[in-house]
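The values are calculated or read from the model by the stated rules, or taken from the named source; none is laboratory data. Keep in mind that this is a model prediction, so the values were computed, not measured. Cβ coordinates were reconstructed from backbone atoms using ideal geometry, including for glycine residues, and neighbour counts include every protein chain displayed.
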Amino acid sequence: SQKIEQNSEALNIQEGKTATLTCNYTNYSPAYLQWYRQDPGRGPVFLLLIRENEKEKRKERLKVTFDTTLKQSLFHITASQPADSATYLCALESSGGYQKVTFGTGTKLQVIP
Amino acid sequence: NAGVTQTPKFQVLKTGQSMTLQCAQDMNHNSMYWYRQDPGMGLRLIYYSASEGTTDKGEVPNGYNVSRLNKREFSLRLESAAPSQTSVYFCASSEGTATEKLFFGSGTQLSVL
């Protein structure tokens, strides 16, 4: 069956370090992958989208990689700040349209001052 | 620019009661969605509307009905609430018919006793 795995354990890192979050998937052929940020009591907010033919995407301090051979995406936040503390969700869309978007359960990131 | 607005923010129902969750977007988006979010389960799609006048079932449609009232508004109705429908509900929208980034509302926390 199709499965998306994100580390359910919280990730604690020191301010200024690079945070790396992992999204693994099985039995998908995603057309693209998205990352969202979710703060407590709020809806997810879109961060980055990477397509299947792209290896890497950057936006300011954020970097996403997409390895369709390993079936994995890595999400990096460089020079992390306490304000980056949140839950980060990955979402996959298989070719076939909007109804096929599936979200992972998210990884909670805590940046310690 | 409000984005996606959901009402109410909190609701407590008794088993068997009915209610409608309201959602409106002011971004002139074509597609709208209803998700539920449960601990350890991730976001799951209940219903979506690709365009005004159309609606389709998502992953977990049982016990719910939807209405795409016009391009702006997409409501979710629980006809006879059950404790299993206790969850946080999110409305989202996207610009086109192909999946693009989703814009989420702030959510409705629903408890069914």
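When A:GLN14 is tested against (1) touching a His at 6+ places or on another chain (Cβ under 9 Å); (2) among the polar types (S, T, N, Q); (3) under 17 Å from A:SER85 (Cβ atoms), just one condition goes unmet, and that condition is (1). Look at (1) out of contact with any strand residue (DSSP E or B) (no Cβ under 7 Å at 6 or more places or on another chain); (2) within 14 Å of chain B (Cβ to nearest Cβ); (3) farther than 27 Å from B:VAL4 by Cβ; (4) not basic (Lys, Arg) and you find that A:THR68 fails only one, number (2).
Only residues that are in contact (Cβ under 8 Å) with a residue 40 or more places away in the chain, at the interface with chain A (Cβ under 8 Å from one of its Cβ atoms) and in a strand (DSSP E or B) were counted in segment B:36-66, giving 1.
Hey, any hits in segment A:1-12 for a residue that's closer than 21 Å to B:ASP38 by Cα, among the hydroxyl-bearing types (Ser, Thr, Tyr) and either touching a residue at least 60 places away in the same chain (Cβ under 8 Å) or touching a Phe, Trp or Tyr at 6+ places or on another chain (Cβ under 6 Å) (or both)? Spell out how you get there, then give the answer.
Of segment A:1-12, the ones closer than 21 Å to B:ASP38 by Cα are A:1-11.
Checking which are among the hydroxyl-bearing types (Ser, Thr, Tyr) leaves us with A:1, A:8.
Still in the running and either touching a residue at least 60 places away in the same chain (Cβ under 8 Å) or touching a Phe, Trp or Tyr at 6+ places or on another chain (Cβ under 6 Å) (or both): A:8.
Checking segment A:1-12: at least one residue is closer than 21 Å to B:ASP38 by Cα, among the hydroxyl-bearing types (Ser, Thr, Tyr) and either touching a residue at least 60 places away in the same chain (Cβ under 8 Å) or touching a Phe, Trp or Tyr at 6+ places or on another chain (Cβ under 6 Å) (or both).
Here segment B:67-97 is the region considered, the condition is being hydrophobic (A, V, I, L, M, F, W, C) and part of a strand (DSSP E or B), and the residue that is surrounded by the fewest Cβ atoms within 10 Å (Cβ to Cβ) is B:VAL88.
Look at segment B:1-20: where a residue is under 13 Å from A:GLY43 (Cβ atoms) and loosely packed, with under 15 Cβ neighbours inside 10 Å and a partner is of a type in the set (Val, Ile, Thr) and at pLDDT 95 or above, sitting 6+ places away or on another chain with Cβ atoms under 8 Å, you get B:LYS9/B:THR108. B:LYS57 meets each of the listed conditions (1) in contact with a helix residue (DSSP H, G or I) (Cβ under 9 Å, 6 or more places away or on another chain); (2) crowded, with 16+ Cβ neighbours inside 10 Å; (3) of a type in the set (Lys, Arg) apart from (2). B:GLU100 meets the stated requirement of being crowded, with 16+ Cβ neighbours inside 10 Å and not in a strand (DSSP E or B).
Take segment B:1-35 and flag every residue that is outside any loop (DSSP other than H, G, I, E, B) and touching a Phe, Trp or Tyr at 6+ places or on another chain (Cβ under 9 Å).
Narrowing segment B:1-35 to residues outside any loop (DSSP other than H, G, I, E, B): B:4-7, B:10-13, B:19-25, B:31-35.
Result: B:VAL4, B:GLN6, B:LEU21, B:GLN22, B:CYS23, B:ALA24, B:GLN25, B:SER31, B:MET32, B:TYR33, B:TRP34, B:TYR35.
Select from segment B:34-51 the residues that are out of contact with any Leu (no Cβ under 6 Å at 6 or more places or on another chain), surrounded by 15 or more Cβ atoms within 10 Å (Cβ to Cβ) and farther than 17 Å from A:GLN6 by Cβ and list them in ascending order. So that I can check it myself, show each step before the final result.
As a first pass, look at segment B:34-51 and keep what is out of contact with any Leu (no Cβ under 6 Å at 6 or more places or on another chain): B:36, B:38-51.
With surrounded by 15 or more Cβ atoms within 10 Å (Cβ to Cβ) added as a condition, the list becomes B:36, B:42-50.
Listed by number, the residues that qualify are B:ARG36, B:LEU45, B:ILE46, B:TYR47, B:TYR48, B:SER49, B:ALA50.
Only one of the numbered conditions (1) within 14 Å of another protein chain (Cβ to nearest Cβ); (2) in contact with a helix residue (DSSP H, G or I) (Cβ under 9 Å, 6 or more places away or on another chain); (3) basic (Lys, Arg) is not met by A:LYS57, and that is (2).
Per-residue answers, yes or no, for (1) within 14 Å of another protein chain (Cβ to nearest Cβ); (2) in a strand (DSSP E or B); (3) of a type in the set (Asp, Glu); (4) buried (at least 17 other Cβ atoms within 10 Å of the Cβ):
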| site | (1), (2), (3), (4) |
| --- | --- |
| A:SER1 | yes, no, no, no |
| A:ILE4 | yes, yes, no, yes |
| A:SER8 | yes, no, no, no |
| A:LEU21 | no, yes, no, yes |
| A:TYR25 | yes, yes, no, yes |
| A:ALA31 | yes, yes, no, yes |
| A:LEU47 | yes, yes, no, yes |
| A:ILE50 | yes, yes, no, yes |
| A:ASN53 | no, no, no, no |
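Of the residues that sit in segment A:62-95 and are of a type in the set (A, V, I, L, M) and closer than 12 Å to A:ASN24 by Cβ, which one is surrounded by the fewest Cβ atoms within 10 Å (Cβ to Cβ)?
Here is the first cut: in segment A:62-95, the residues of a type in the set (A, V, I, L, M) are A:62, A:64, A:70, A:74, A:77, A:79, A:83, A:86, A:89, A:91-92.
Still in the running and closer than 12 Å to A:ASN24 by Cβ: A:70, A:74, A:92.
On the way: A:LEU70: 11, A:LEU74: 16, A:LEU92: 21.
Of everything passing the filter in segment A:62-95, A:LEU70 is surrounded by the fewest Cβ atoms within 10 Å (Cβ to Cβ).
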